[in-house]
Amino acid sequence: MVSSRRAEEDRLDEAEAALDDGVDPDDPRVEEIAVQRYTHHMAYDADPAEEEDTQMSASAAVTKMPYDFSPARMRCMERVAQLVGQDARTDS
């Protein structure tokens, strides 16, 4: 299970890295990757017994973002944080 989680994490990392300066922040791929990242995060957040020690929340990851990410990649990360925030509000 952890290897499939790692494979999906790696795939998402590669997809996010492809959001370079040539990709418009409003490109539909940005939203698609953000939703995939959010879905991946929520799937494993629901099962804390299988959490890896190195995993952090999407909102924590946003605070650790490097400043040299492209605008599209920054937008993708912001959308993930927004989705997590919306989910947290509906759980309250």
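The values are calculated or read from the model by the stated rules, or taken from the named source; none is laboratory data. Source: prediction; values computed, not measured. Backbone-built Cβ (ideal geometry, glycine too); neighbour counts: all protein chains shown.
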Subject >> Among residues of the range 1-46, those that are loosely packed, with under 13 Cβ neighbours inside 10 Å, aliphatic (A, V, I, L, M) and more than 24 Å from residue 68 (Cα to Cα), counted >> reply: 5
**OP:** May I ask you to list pairs of residues, at least six apart or on different chains, whose Cβ atoms are under 9 Å apart, with the first in the range 8-28 being more than 14 Å from residue 75 (Cβ to Cβ) and modelled with pLDDT under 95 and the second being acidic (Asp, Glu) and surrounded by 11 or more Cβ atoms within 10 Å (Cβ to Cβ)?
**Re:** none
Original post:
In this structure, is residue 86 buried (at least 16 other Cβ atoms within 10 Å of the Cβ) and either assigned to a helix (DSSP H, G or I) or modelled with pLDDT of 70 or more (or both)?
Top reply: no
